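The values are calculated or read from the model by the stated rules, or taken from the named source; none is laboratory data. Everything numeric here is computed off the predicted structure, so don't read it as measured data. We place every Cβ from the backbone using ideal geometry, glycine too, and count neighbours over all the protein chains shown.
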Amino acid sequence: MSLGQVVKNLNADSMRFSEEQKMILESSRSFCRDTSSIEQVRQLLESPQGYDENVWQQLVALGWTGIAIPESFGGSELGIEAVVPIVESMGRSLSATPFIPCTLAAQVILHAASPEQQLRWLPKMVEGQVATLALLDNEDWGATTTTHQLSDELVLQGEKWFVDDAVTAELFIVLSQYQGSARFVVVERNQLPEGAIQAHALIDETKRSAKIDFTAVAVSADAVLAEENTQEILDDIKLIGALLTAAEAVGTTSSCLNLIVEYLKTRKQFGKLIGSYQALKHPSVDILNKLEGARSQVYHAATLFEEGKGKIERDLEVACRMAKASANDALLYAGDRAVQFHGGMGFTYECDAQLYIRRAQWSQQQFGDSAHHRKRLAPLLLG
Amino acid sequence: MNTDPDTLTAFRQEVSAWLVDNIPENPGFLLPLTFMEVGTDEQLAFLVAWQRKVYEAGYLGMSWPQEYGGGGKPPAYQNIVDKELARHKAPIIFNSIGLGWAGPLILEMGTEAEKQRYIKGILTAEDIWCQGFSEPDNGSDLGNAQTRAVRDGDEYVINGSKIWTTHGPYSKYMILLARTNPETKSKYAGLSFFLSPMQAPGISTSPIQKITGEYGFAQTFFDDARISVGCLMGEEGDGWKLAMRTLEYERSVEGGQATNYKITAITSDDLIETCRSTQRDGKPLLDDPVVQDQLVQFIMEERNLLLNQKRGDLPDLCTDYPLSLMLSGKLEATELFRRMRQYAVSLQGAKGGLYIHDADALNGGIWQHAYFNNFSATIGGGTSQVQNNIIAEHALGLPK
């Protein structure tokens with residue numbers, strides 16, 4: 001703190017947005033607006049699969065399922081930085097599709113599978129076959145080991161929790177323990193016994209997730225992913241998952257704030273528009289500021305993905321964790337205030353504020369809540 | 001003038017090397033961390049000499065036109081200098097009201113004669129400037145300013161009082177907002193803007209003691225003070241427009257400042273250092289998980305500010321509320337610093353009860369001092385509460 005002392009030069013402010021990303025953002029925004037109006041979102045709340053198959057097929061036709069997959073498998077090889085604007089747009093419209101689990105499953109195959117295995121699964125995933133991850137043994141995103149077992153005879157044992165879009169998934173990438181270390185195993189839908197999938201009753205009714213008992217499912221040797229450094233790949237996938245969930249949450253926060261602002265501009269009480277009261281104005285500005293910070297973090301992380309060509313270094317880990325923690329806090333606050341500011345209407349199921357507060361509760365838990373990430377940022381930033 | 005990356009990199013190195021050689025030794029007295037804290041003659045003399053040295057080296061007003069004493073270079077150059085000044089924790093460049101607000105305003109809206117007369121002196125620190133906007137009864141409600149200016153032949157007669165006049169006792173000129181017509185339908189239409197001398201009969205200043213116990217700003221009194229009609233900027237009635245433009249420069253909504261280096265930043269790095277060197281429960285504070293969590297939170301928010309600035313340059317990523325990043329910078333930065341500094345005082349155990357005059361105070365009581373002084377930033381230039389209203393109304397479009 002003394003005069004003339006040179007402070008640390010943080011070179012951690014990269015931020016770019018390419019023409020390509022801009023086009024993707026614009027087209028995905030208009031696609032999601034057209035295919036996921038609030039009425040459409042509400043219609044899907046009670047359907048078992050949770051999304052519209054037609055919309056999924058259109059999305060596949062647009063090439064989004066292959067956007068971060070190499071051209072040799074039919075993708076367009078653009079990287080995670082191009083996925084970010086798509087999920088942001090989906091979040092904005094509360095659009096329900098299995099896009100995030102499919103993208104993450106493809107990334108696991110890309111990083112952990114042998115060339116033969118990649119050729120077997122990736123082209124199908126580009127073509128829209130739904131794949132999903134089965135990572136958690138329970139509710140703990142901080143667990144460093146799994147108790148799920150793959151025996152020497154290649155028979156699985158144990159349950160997985162929070163397997164997204166399990167109802168329609170054809171491929172399940174299961175994190176298991178094989179001969180003393182973690183490995184990914186691919187299970188196909190037809191291998192699952194009757195009743196193995198039990199849907200969770202989720203707080204966010206726009207999402208679908210299930211508990212799956214893989215016990216007694218026998219797999220062949222070529223269903224075990226080749227890479228042995230599963231732990232590292234898993235760590236990376238969790239960071240990508242955190243970033244994509246953050247991007248989705250940023251989009252959702254934007255539309256939640258729009259909902260609040262629209263109400264504040266039209267609802268009158270005591271003869272005045274309620275938006276003229278500072279008690280409502282100032283928290284609305286807090287939401288905006290949290291949203292802006294989170295959006296900056298998300299696109300900074302996307303920029304670092306592009307710079308690192310997919311390789312995850314310390315700066316990118318910091319960026320993904322900050323993005324998730326910031327986006328969690330922004331959406332939680334926005335959803336909470338959206339309910340409160342709608343007064344009595346806000347307490348009803350009919351008011352759209354419920355969709356946002358429910359999404360906020362769900363989203364904050366995916367790939368770790370804010371405290372989870374701050375705890376892991378501490379050694380990275382303070383060491 | 002060249003702005004290719006190699007030229008700019010070379011320039012950055014040149015500036016950095018110059019600063020290493022030329023930043024003055026610690027003078028042995030407390031140096032102001034911000035331009036609002038200059039309170040003693042020795043501080044003033046030190047800062048005048050430092051500003052002149054930077055100017056003579058060619059590192060101040062680099063983007064201002066050459067014919068008035070500036071450098072005539074693209075803004076990228078001064079931005080580099082400002083960043084290097086901050087990185088080297090150089091003393092502040094204190095004549096901010098001239099360099100940051102009045103100067104760019106005169107360059108944009110002033111007459112040729114005004115530019116010739118005022119710009120060079122701002123850069124050399126020969127002419128120190130102050131601002132006469134707020135009044136004792138009209139702080140946030142600037143449009144209601146009541147200081148009167150009455151035309152009398154070739155002069156205006158000024159009566160009234162301005163308050164929170166930073167640099168008031170040292171200043172040669174004031175940007176003054178006064179009412180030339182009390183009968184206009186809109187209160188804003190009766191205001192006029194003056195480039196007023198401070199050394200004129202009937203103008204006096206009375207120093208105000210600040211929350212820190214120090215001096216540095218003043219109340220300015222106008223008692224039948226007479227200034228020449230030539231001091232009027234623009235036309236009668238232009239006051240509100242010019243004052244609003246001034247505030248845009250003040251809040252850095254608009255660029256064009258001779259420098260933006262007017263405060264020494266105390267960052268999360270300094271807070272981390274304090275936590276590393278302070279023991280609690282027999283261990284460094286930095287090892288405490290509760291403290292760690294708060295520090296991480298601060299670092300994230302600090303990073304948000306930096307990244308928001310970067311994103312502000314990419315309009316395709318600012319389509320939702322296009323004005324928000326521009327309007328929220330001051331609020332977010334000053335409030336974050338306030339909370340960080342308050343936290344740094346809370347961390348100190350019983351030493352948090354010591355103040356700058358105590359030899360045992362941690363780092364000379366810099367956190368206590370900086371915390372108190374930070375209120376000038378959350379209040380001055382529009383309080384945080386007014387900033388919230390502005391953002392709500394202009395970025396979110398909420399009703400007044």
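Looking at the stretch B:238-329, what helices (runs of 4 or more DSSP H) fall wholly within it and have at least 2 residues that are surrounded by 16 or more Cβ atoms within 10 Å (Cβ to Cβ) and in contact with a strand residue (DSSP E or B) (Cβ under 9 Å, 6 or more places away or on another chain)? Correct list: B:239-250. With respect to the conditions (1) surrounded by fewer than 19 Cβ atoms within 10 Å (Cβ to Cβ); (2) modelled with pLDDT of 95 or more; (3) farther than 27 Å from A:Lys324 by Cβ, A:Glu194 falls short on a single one, namely (2).
Confirm whether B:Asn181 is in a loop (DSSP other than H, G, I, E, B), modelled with pLDDT of 95 or more, surrounded by fewer than 21 Cβ atoms within 10 Å (Cβ to Cβ) and not assigned by TED's automatic domain parsing to the domain that holds B:Tyr55. Yes. Yes or no: the stretch B:364-374 includes at least one residue that is at the interface with chain A (Cβ under 7 Å from one of its Cβ atoms), within 23 Å of B:Gly139 (Cβ to Cβ) and out of contact with any Phe, Trp or Tyr (no Cβ under 9 Å at 6 or more places or on another chain). No; the residues of the stretch B:364-374 include none that is at the interface with chain A (Cβ under 7 Å from one of its Cβ atoms), within 23 Å of B:Gly139 (Cβ to Cβ) and out of contact with any Phe, Trp or Tyr (no Cβ under 9 Å at 6 or more places or on another chain).
Only one entry of B:Ile158, B:Ile163 meets the criterion of being more than 22 Å from the chain's Cα centre (by Cα), surrounded by 16 or more Cβ atoms within 10 Å (Cβ to Cβ) and touching a residue at least 40 places away in the same chain (Cβ under 8 Å), and that entry is B:Ile158. Pairing residues of the stretch B:92-117 that are within 18 Å of B:Ile263 (Cα to Cα) with residues that are buried (at least 17 other Cβ atoms within 10 Å of the Cβ) and among the charged types (D, E, K, R), at Cβ distances under 7 Å and at least 6 apart in sequence or on separate chains, gives B:Ile92/B:Lys262; B:Ile93/B:Lys262; B:Ser96/B:Lys262; B:Gly98/B:Asp127; B:Gly100/B:Glu250; B:Gly100/B:Lys262; B:Trp101/B:Glu250.
Only a single criterion out of (1) at pLDDT 95 or above; (2) outside any helix (DSSP H, G or I); (3) within 20 Å of the chain's Cα centre (by Cα); (4) not aliphatic (A, V, I, L, M) is not satisfied by B:Pro32, namely (1). Residues considered: A:Asp140, A:Asp152. Of these, the only one that is out of contact with any Cys (no Cβ under 8 Å at 6 or more places or on another chain), in contact (Cβ under 8 Å) with a residue 24 or more places away in the chain and either among the hydrophobic types (A, V, I, L, M, F, W, C) or not in a strand (DSSP E or B) (or both) is A:Asp152. Under the condition of being within 10 Å of chain B (Cβ to nearest Cβ) and either hydroxyl-bearing (Ser, Thr, Tyr) or in a helix (DSSP H, G or I) (or both), the residues counted in the stretch A:267-287 number 13. Quick check, is B:Ser16 touching a residue at least 24 places away in the same chain (Cβ under 8 Å), farther than 19 Å from B:Leu123 by Cα and among the hydroxyl-bearing types (Ser, Thr, Tyr)? Yes, satisfied.
Just to be sure, is A:Thr215 within 21 Å of A:Asp140 (Cβ to Cβ) and surrounded by fewer than 19 Cβ atoms within 10 Å (Cβ to Cβ)? So A:Thr215 fits the description; yes. Among residues of the stretch B:288-330 being more than 8 Å from every other protein chain (Cβ to nearest Cβ) and of a type in the set (Gly, Ala, Ser), the one that is farthest from B:Glu248 (Cα to Cα) is B:Gly312.
In the stretch B:245-263, the residues that are on the phi > 0 side of the Ramachandran plot form Cβ pairs under 6 Å with partners that are surrounded by 18 or more Cβ atoms within 10 Å (Cβ to Cβ), at six or more places apart or across chains, as follows: B:Gly256/B:Pro104.
Looking across the stretch B:17-64, the residues that are crowded, with 18+ Cβ neighbours inside 10 Å and among the hydroxyl-bearing types (Ser, Thr, Tyr) come down to B:Thr34, B:Tyr55, B:Tyr59, B:Ser63.
Output the residue which, of all residues in the stretch B:331-346 that are in contact (Cβ under 8 Å) with a residue 60 or more places away in the chain and within 14 Å of another protein chain (Cβ to nearest Cβ), is farthest from A:Leu288 (Cα to Cα). Among those residues, the one meeting the criterion is B:Ala344. Evaluation of A:Glu228 against the conditions (1) buried (at least 17 other Cβ atoms within 10 Å of the Cβ); (2) in contact with a strand residue (DSSP E or B) (Cβ under 8 Å, 6 or more places away or on another chain) shows that the sole unmet condition is (1). Taking the stretch A:329-362, which residues are hydroxyl-bearing (Ser, Thr, Tyr), closer than 20 Å to A:Lys290 by Cβ and surrounded by fewer than 21 Cβ atoms within 10 Å (Cβ to Cβ)? If the condition is that a residue be hydroxyl-bearing (Ser, Thr, Tyr), closer than 20 Å to A:Lys290 by Cβ and surrounded by fewer than 21 Cβ atoms within 10 Å (Cβ to Cβ), then A:Tyr333 is the only one that fits.
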